[in-house]
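Everything on this sheet refers to the single structure shown next.
The values are calculated or read from the model by the stated rules, or taken from the named source; none is laboratory data. Everything numeric in this text was worked out from a predicted model, so none of it was measured. Because the Cβ atoms are built from the backbone with ideal geometry, glycine has one as well, and the counts that use them run over all protein chains shown. Quick note on the areas: whole protein, heavy atoms, side chains included, nothing else; ligands and nucleic acids left out. Shrake-Rupley method; radii C 1.70, N 1.55, O 1.52, S 1.80 Å.
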Amino acid sequence: MEWPACTNEYEKLVRRMSTPRVAIDNAVCPTATLVKVDSARRHGILLDAVQVLTDLNLSIKKAYISSDGKWFMDVFHVTDQQGNKLTDESVIKFIEQSLGSIHYERTNHSNDLTALELTGTDRVGLLSEVFAVLADLQCDVVEAKVWTHNGRIASLIYVKDCDSGSTIEDSQKINRIEVRLRNILKGDNDIRSAKTTVALSVMHTERRLHQMMFADRDYERTPILKFTSDSPVVTVQNWAERGYSVVNVQCKDRIKLLFDLVCNLTDMEYVVFHATINTNGDQAYLEFYIRHKDGTPISSEPERQRVIQCLKAAVERRASEGVRLELCTEDKQGLLAEVMRIFRENALNVTRAEISTIENMATNVFYVTDAIGNTADPKIIKSVRQLIGLSNLEVKELPLLCHQKEEREDQTVGGAVWLSIGSLVRRNLYNLGLIKSCS
């Protein structure tokens with residue numbers, strides 16, 4: 001490592017001590033690549049490490065987290081989206097560099113884009129109205145993510161000015177955007193909780209969505225869609241002798257599950273001192289030993305119940321209810337407003353959406369149900385596809401169906417869940433323009 005000429009020996013020592021040591025090993029485990037991170041502990045560093053791996057759509061099959069005083073070590077067993085070890089040297093190098101710099105604060109500055117943060121009551125046709133307003137105000141939607149949970153909606157929408165092709169800087173136009181979107185989100189009965197904010201930068205889209213829904217207290221709301229057999233099981237107990245609160249989570253395994261749970265524990269100001277993560281088939285088992293930032297465990301029954309509610313919400317927010325539709329077509333002004341209008345006119349409700357634009361091509365993913373949250377009628381889906389274009393809008397399998405199909409086809413493959421996740425991740429990479437084919 002080269003140091004600036006003005007750096008003294010003490011500063012060099014401090015930097016060496018605070019820089020994480022990263023080791024990536026393909027020899028120890030026959031089925032996964034081991035990623036080891038050894039570093040000084042600080043609040044949020046575990047989340048930053050997990051974020052690096054999940055942003056690459058890597059599957060975390062196992063993990064061991066241990067903290068000793070002010071030092072901690074993480075070991076992750078990861079595979080690529082096909083369920084194989086990591087062999088691409090460029091990916092390995094990127095992981096080493098990214099994990100080696102996680103002590104430095106990073107903000108996601110969206111180049112020449114304006115970020116719109118929206119929260120409110122979900123309803124059929126809401127997104128149709130939102131994108132219609134943006135089209136009317138000459139805002140071009142470049143990226144967006146939409147989550148719904150317990151009747152609430154949170155969305156981060158990145159837009160640029162249609163005329164200049166860059167960030168919206170006109171304060172009057174920004175004010176018009178905020179006012180009109182807030183009026184839509186308010187509707188007839190959400191005057192207090194509907195929020196619209198314009199920002200120039202966001203720390204991390206999915207971390208921010210979790211924060212927005214947490215601040216909106218979605219975990220306290222009455223569920224609109226009932227989670228039955230797939231509902232996560234969360235327990236919290238205190239280990240008085242060691243001064244820890246022990247959190248156990250059992251649920252259906254999926255990509256980014258560990259990220260979602262650690263993200264919410266971090267936002268609730270808890271520190272994870274030790275943890276183990278295991279997967280077996282399509283089930284995930286996670287155990288966390290946590291304390292408050294001041295070193296104390298959970299101290300009351302209301303607090304314990306709140307942690308249980310929040311972690312269940314963290315698992316459920318990304319759950320994909322409904323039929324998965326993928327739209328791939330040439331981008332044009334007002335495209336989303338047109339697509340959402342067709343959804344609304346056919347009584348389809350969007351429960352989750354990921355919208356991106358790559359080189360003038362719109363690659364969007366929507367999960368849709370009928371107006372009351374049930375599975376959409378296949379005839380209506382076919383009609384909608386005909387209106388938008390059969391070759392442009394395709395129906396894709398849901399992750400749950402992928403799990404069941406893989407397990408039926410080959411019972412001898414212990415990691416069937418990872419094959420189905422790999423298929424899902426490949427489609428996500430295709431939607432993001434990172435691969436040329438999702439087959």
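Summary table
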quantity: Test: TYR244 is open to solvent by 20 Å² or more (accessible area, probe 1.4 Å), among the hydroxyl-bearing types (Ser, Thr, Tyr) and in contact with a Pro (Cβ under 9 Å, 6 or more places away or on another chain); calculated: yes
quantity: Residues of the stretch 86-104 satisfying the condition of being in contact (Cβ under 8 Å) with a residue 60 or more places away in the chain and among the β-branched types (Val, Ile, Thr); calculated: THR87, ILE92, ILE95, ILE102
quantity: Residue tally, condition of a type outside the set (A, V, I, L, M), within 16 Å of GLU316 (Cβ to Cβ) and either part of a strand (DSSP E or B) or out of contact with any Gly (no Cβ under 9 Å at 6 or more places or on another chain) (or both), over the stretch 225-266; calculated: 15
quantity: Residues within the stretch 294-318 that are open to solvent by 30 Å² or more (accessible area, probe 1.4 Å) and either at pLDDT below 95 or in a loop (DSSP other than H, G, I, E, B) (or both), tallied; calculated: 6
quantity: Scope the stretch 215-237; condition open to solvent by 20 Å² or more (accessible area, probe 1.4 Å) and modelled with pLDDT of 95 or more; matching residues; calculated: VAL233, THR235, GLN237
quantity: Residue match in the stretch 157-171 (condition: closer than 25 Å to PHE214 by Cβ and touching a Ser or Thr at 6+ places or on another chain (Cβ under 7 Å)); calculated: yes
quantity: Candidates GLY83, GLY125, GLY69 - the one that is on the phi > 0 side of the Ramachandran plot and without any contact (Cβ under 8 Å) to a residue 40 or more places away in the chain; calculated: GLY69
quantity: Of all residues in the stretch 322-337 being without any contact (Cβ under 8 Å) to a residue 40 or more places away in the chain and not in a loop (DSSP other than H, G, I, E, B), the one that is least open to solvent (accessible area, probe 1.4 Å); calculated: LEU335
quantity: Residues (in contact with a Phe, Trp or Tyr (Cβ under 9 Å, 6 or more places away or on another chain) and either more than 17 Å from GLN51 (Cα to Cα) or of a type in the set (Val, Ile, Thr) (or both)) located in the stretch 73-87; calculated: VAL75, THR79, GLN82, GLY83
quantity: Residue selected from the stretch 338-352 under the condition among the β-branched types (Val, Ile, Thr) and part of a strand (DSSP E or B), by the criterion nearest to TYR289 (Cα to Cα); calculated: THR351
quantity: Sole residue being without any contact (Cβ under 8 Å) to a residue 40 or more places away in the chain and in contact with a Pro (Cβ under 9 Å, 6 or more places away or on another chain), chosen from GLN250, GLN283; calculated: GLN250
quantity: Selection from the stretch 384-410 of residues that are in a helix (DSSP H, G or I), modelled with pLDDT of 50 or more and surrounded by 13 or more Cβ atoms within 10 Å (Cβ to Cβ); calculated: VAL384, ARG385, LEU387, ILE388
quantity: Index of the failed condition, MET17 passing every other in (1) modelled with pLDDT of 80 or more; (2) of a type in the set (A, V, I, L, M); (3) open to solvent by 20 Å² or more (accessible area, probe 1.4 Å); calculated: (1)
quantity: Of residues in the stretch 251-266 being open to solvent by less than 10 Å² (accessible area, probe 1.4 Å) and within 11 Å of the chain's Cα centre (by Cα), the one nearest to GLU287 (Cα to Cα); calculated: LEU261
quantity: Residues located in the stretch 57-92, provided they are under 17 Å from ILE277 (Cβ atoms), open to solvent by 30 Å² or more (accessible area, probe 1.4 Å) and aliphatic (A, V, I, L, M); calculated: MET73
